[in-house]
1. What number of residues within the stretch 67-99 satisfy the criterion of being over 17 Å from A49 (Cβ atoms), open to solvent by 50 Å² or more (accessible area, probe 1.4 Å) and among the aliphatic types (A, V, I, L, M)?
2. Inspect the stretch 22-40 for any residue being touching a Phe, Trp or Tyr at 6+ places or on another chain (Cβ under 6 Å), basic (K, R) and open to solvent by less than 20 Å² (accessible area, probe 1.4 Å) and give the result as yes or no.
3. Within the stretch 55-88, can you find the residues that are touching a residue at least 12 places away in the same chain (Cβ under 8 Å) and more than 19 Å from G16 (Cα to Cα)?
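The values are calculated or read from the model by the stated rules, or taken from the named source; none is laboratory data. What you see is a predicted model; the values in this text were computed from it and never measured. Here the Cβ is made from the backbone with ideal geometry for all residues, glycine too, and neighbour counts use every protein chain on show. What goes into the accessible areas is simple: the full protein's heavy atoms, side chains included, and nothing from ligands, DNA or RNA. Shrake-Rupley method; radii C 1.70, N 1.55, O 1.52, S 1.80 Å.
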Amino acid sequence: QVQVAESGGGSVQAGGSLRLSCTVSGSIFRSSAMGWYRQAPGKQREFVASFPSSYGDSVKGRFSISADNAKRTIYLQMNNLKPEDTAIYYCKLQPSIEAVYWGQGTQVTVSS
């Protein structure tokens, strides 16, 4: 059974940084099939980043995605955080069209 688990969220002031982690357990891990999404209160879930280096317009130049395959983990380094980055951040693994796995999410709160 595949499980996806995010960690690293928290509260930070505007201009600060956080690094999120997403670890996969089970039989499937392929960083190229993984990405980050976020959902703010009252808004739809939106794309944040995926491999090799695709980013949502609002985070380009501030966020960076990376992977440690040996640890079955991907990361999202978030710099120069803004209040509008406040959201629940989700990790997605989609090794095929039929198989999509989401984590439970990790809260990021940025105060001004």
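1. 2
2. Yes.
3. Across the stretch 55-88, the qualifying residues are A67, N69, K71, R72, T73, I74.
For (1) within 12 Å of V108 (Cα to Cα); (2) assigned to a loop (DSSP other than H, G, I, E, B); (3) within 13 Å of the chain's Cα centre (by Cα), each residue gets a yes or a no:
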{"residue": "V12", "(1), (2), (3)": "yes, no, no"}
{"residue": "G16", "(1), (2), (3)": "yes, yes, no"}
{"residue": "C22", "(1), (2), (3)": "no, no, yes"}
{"residue": "Q44", "(1), (2), (3)": "no, yes, no"}
